[in-house]
Amino acid sequence: MTAGNRGGEPRRILIDCDPGHDDAIAIMLAHGDPGVQLVGITTVGGNQTLDKVTHNARVVATVCGMTGVPIAAGSAVPLIRPIRTAAAIHGESGMDGPVLPEPTVPLDDRHGVDLIIDTVMDNPPGSITLVPTAPLTNIALAVRKCPAIVERVAEVVLMGGGYSKGNVTPAAEFNIAVDPEAAQIVFTAPWQVTMVGIDLTHQALATPAVQQRISDIGTPAAQFVVDLLAAYGANYRAEQGFGDPPVHDPCAVARVIDPSVMTVRPAHVEVELAGRLTAGMTVCDFLGRDGARLDTDVAITLDAPAFWDLVVDAITAIGRP
Ligand SMILES: [Ca+2]
């Protein structure tokens with residue numbers, strides 16, 4: 001199955017996330033864009049602890065006026081390693097900046113891993129795309145608990161990794177570094193994976209012009225994003241020396257909405273689990289050495305103007321009758 005369905009039936013996606021400023025914008029893009037239908041949100045310990053990111057997911061759903069989309073809390077900690085969070089970027093709450101309203105959207109009583117499995121197994125084969133934007137603990141556990149999901153999902157379009165660099169270490173990107181063992185399960189399962197890594201997402205910079213466009217929308221949802229980007233941008237400037245912050249997670253959603261928003265190259269991807277300096281590195285073999293199958297599409301170049309058009313249009317649509 002190929003990605004994207006602009007103008008056809010919306011693609012049904014489940015977002016597995018750790019909101020997280022950029023996760024919030026990913027959820028808003030999925031909610032506001034007619035090219036995808038958000039059918040579930042699951043949360044995992046990552047940017048902040050599980051209780052905080054789950055609360056934040058419900059906050060974002062409330063800001064969106066979302067109804068009928070189940071939200072379930074998943075794994076609190078990685079498979080093997082102790083959890084590490086990203087409070088320096090995302091703050092104590094995990095979503096510092098805007099005033100966070102008290103969520104009115106309820107929490108599903110299933111475990112997040114079971115919501116993933118139920119969503120895939122209760123829908124027709126090939127109809128659900130998984131969009132993980134967080135450590136891959138829940139997805140890996142779902143594969144282990146119900147291996148039948150692997151051939152039943154349309155594809156996995158994940159934000160994580162990188163082929164040329166890391167961010168939390170010189171070699172490893174945060175989502176993969178937090179739970180490399182889970183990531184290795186996801187990359188080596190026999191399903192179609194697209195890796196939207198930081199080589200790509202560092203091209204999705206929320207410039208002052210972008211932030212002005214969002215501000216000009218003038219709705220409460222837009223103001224929420226403006227406030228998110230102000231805090232996130234300040235932290236990225238202080239912590240990593242970025243002039244404008246890279247907005248990682250919505251890039252994966254955008255890939256499902258419109259595949260032409262980015263170029264990809266096929267590669268064989270595995271995760272370094274033992275390296276002293278490189279644990280969590282996504283090692284991308286574009287040449288298929290020793291017969292390795294080029295079974296992962298690795299994101300290379302973003303059409304940034306087209307990407308921001310999608311984001312601005314989606315935020316504009318939120319709150320409209
Ligand atoms: Ca995230």
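Meeting the requirement of 2 or more residues that are away from the ligand (no atom under 14 Å from the Cβ), the helices (runs of 4 or more DSSP H) wholly within the stretch 74-171 are 112-121, 137-145, 149-152. Assessment of the stretch 191-201 against the conditions (modelled with pLDDT of 95 or more and more than 20 Å from the chain's Cα centre (by Cα)) yields no matching residue. Does the stretch 16-34 contain at least one residue that is away from the ligand (no atom under 14 Å from the Cβ), out of contact with any Leu (no Cβ under 7 Å at 6 or more places or on another chain) and modelled with pLDDT of 95 or more? So far as the stretch 16-34 goes, yes, one or more of its residues are away from the ligand (no atom under 14 Å from the Cβ), out of contact with any Leu (no Cβ under 7 Å at 6 or more places or on another chain) and modelled with pLDDT of 95 or more.
Please work out which residue is farthest from Thr301 (Cα to Cα), limiting yourself to the stretch 205-239 and to residues that are touching a Gly at 6+ places or on another chain (Cβ under 7 Å) and outside any helix (DSSP H, G or I). It comes out as Thr219. Would you say Gly68 is more than 27 Å from Tyr236 (Cα to Cα), open to solvent by less than 10 Å² (accessible area, probe 1.4 Å) and away from the ligand (no atom under 13 Å from the Cβ)? Against the criterion (more than 27 Å from Tyr236 (Cα to Cα), open to solvent by less than 10 Å² (accessible area, probe 1.4 Å) and away from the ligand (no atom under 13 Å from the Cβ)), Gly68 does not qualify.
Kindly check whether there is at least one residue in the stretch 184-202 that is within 16 Å of the ligand (Cβ to nearest atom) and open to solvent by 10 Å² or more (accessible area, probe 1.4 Å). There is at least one residue in the stretch 184-202 that is within 16 Å of the ligand (Cβ to nearest atom) and open to solvent by 10 Å² or more (accessible area, probe 1.4 Å). Considered as a group, the residues in the stretch 240-289 that are small (Gly, Ala, Ser) and part of a loop (DSSP other than H, G, I, E, B) include one that is most open to solvent (accessible area, probe 1.4 Å), and that residue is Ala274. Within the stretch 159-173, the residues that satisfy the criterion of being out of contact with any Phe, Trp or Tyr (no Cβ under 9 Å at 6 or more places or on another chain) and aliphatic (A, V, I, L, M) are Met159, Ala171, Ala172. Do we have Pro220 as surrounded by 24 or more Cβ atoms within 10 Å (Cβ to Cβ) and closer than 27 Å to Pro98 by Cα here? Here the answer is no, as Pro220 does not meet what is asked.
The values are calculated or read from the model by the stated rules, or taken from the named source; none is laboratory data. From a predicted model like this one, the values you see are computed outputs, not experimental measurements. Glycine also receives a Cβ, built like all others from the backbone with ideal geometry; neighbour counts cover every protein chain displayed. What goes into the accessible areas is simple: the full protein's heavy atoms, side chains included, and nothing from ligands, DNA or RNA. Shrake-Rupley method; radii C 1.70, N 1.55, O 1.52, S 1.80 Å.
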